[in-house]
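One structure is given here, and the rest of the page talks about it.
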Amino acid sequence: VGDLHNDEVNVHRTVVRTDNGYEVMNWTKTDAGTRTLPLQRQALEAINRQRKIEELLRRDRVVDIEQPIFRMPKGGVIRPDRVNTDILRICERAGIEKFTNHAFRATYISILVNSGLPLTDVLALSGHNDIKMTEHYAHNEKDQTKARLYSVDFRRRDKSVSSDLSSKMKKALV
């Protein structure tokens, strides 16, 4: 759970199950979970659409930074189990392989890794404590690296670098 400000979301809260149901807590699972994420245009557009839906459904403007933007039908915090239930129901109706909301996070991290973003940046954006966890999402990186390597044309190289290297090698061999 986070706050929006200047096209960024400040993640510093989490939704947890308690004896009283689901509640928003003012902490994250790990210290690394507290972070600021830049939002892309598409995400900002989706958030603004959802704010308009909230206004229409509830005649309630989401103006307070503490108010959830995405809420349960009767208001209140969206429960993670409810999101997964909805996703599984949609998958079943669509006849596609079932997944949970964690797949969105995993996909986001995999896309960042496979786009060439340094793992340390992905670590910071994902809120992981350990680079090994981030590397877990880099399963396709080796294939991407291999594909990039195969695309290099070693025959087309700078002649000056080549001849300079050749003369250095000749001198070293003498």
* Between residue 121 and residue 57, what is the spin-label point distance in nm, taking each point 7 Å from the Cα along the Cα→C-beta axis? -> 3.5 nm
* Would you list 132, 29 from the most to the least accessible area, probe 1.4 Å? -> 29, 132
* Structure fact -> Per the rule of 0.36 nm per residue minus the C-alpha distance, extending residue 81 to residue 44 adds in nm 10.8 nm
* How do 72, 25, 133 stack up against each other in accessible area, from largest to smallest, with a 1.4 angstrom probe? -> 133, 25, 72
* Kindly report, to the nearest 10 Å², the accessible surface of residue 39 as traced by a 1.4 Å probe over protein heavy atoms only. => 40 Å²
* Roll a 1.4 Å probe over the protein heavy atoms and report the accessible area of residue 8 in Å², nearest 10. => 80 Å²
* **Gain upon complete extension [residue 106, residue 88; 0.36 nm per residue less C-alpha separation]** => 4.8 nm
* How far, in nm, would the chain grow between residue 32 and residue 5 when pulled straight, counting 0.36 nm per residue and subtracting the alpha carbon separation? -> 7.7 nm
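Got a sec? What order do 150, 22, 108, 137 fall in by accessible area at 1.4 Å, biggest, i.e. largest, first?
Largest accessible area first, the residues go 150, 108, 22, 137.
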* Using the Karplus equation 6.51 cos²θ - 1.76 cosθ + 1.60 (θ = phi - 60°), what ³J(HN,Hα) coupling, rounded to whole Hz, does each residue of region 96-113 give in order, writing x for Gly and Pro? -> 10, 4, 6, 8, 10, 5, 5, 4, 5, 5, 4, 5, 4, 5, 4, 5, 4, 4
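The values are calculated or read from the model by the stated rules, or taken from the named source; none is laboratory data. What you see is a predicted model; the values in this text were computed from it and never measured. Note that we place each Cβ from the backbone using ideal geometry, even for glycine, and neighbour counts take in every protein chain shown. Only protein heavy atoms, including side chains, enter the accessible area calculation; ligands, DNA and RNA are left aside. Shrake-Rupley method; radii C 1.70, N 1.55, O 1.52, S 1.80 Å.
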